[in-house]
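Values in this text are rule-based calculations from the coordinates and carry no lab data. As the structure is a prediction and not an experimental result, all values here were calculated from the model. No Cβ is skipped: glycine too gets one built from the backbone with ideal geometry, and neighbour counts run over all protein chains shown.
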Amino acid sequence: MNGVATSSTTGDPATATTVEFCGHCGEPSDGGAPPPSNAHRQCQELLQLEPPRYCASCRRRMKVQVTPLGWTAKCSRHEVLVP
């Protein structure tokens, strides 16, 4: 699980748009289409080594707990994310 691209809909249902956010920096992602832009190439590399810090669905900062056996991340809206 890379945490880079997960989609959600935002706004009025009549004008809803799909938005995806980077799990590392919280900025809008490339939409999951390879190859990633230079801005998110480093984010993808870092997400291979550490847990995502931002919810990919809503861009909220997540509560992350790292243990010797792994990690869990919890978004206040989307519940628990595990690797």
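Key figures for this structure:
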{"quantity": "Residues SER76 and ASN38, FRET efficiency given R0 of 41 Å [Cβ-Cβ distance, rounded to 0.05]", "calculated": "0.85"}
{"quantity": "Cα shape, the range 40-81, gyration tensor, a/c 1.5 rule", "calculated": "oblate"}
{"quantity": "Proximal charge balance of TYR54 [Cβ under 13 Å; K/R count +1, D/E count -1]", "calculated": "+4"}
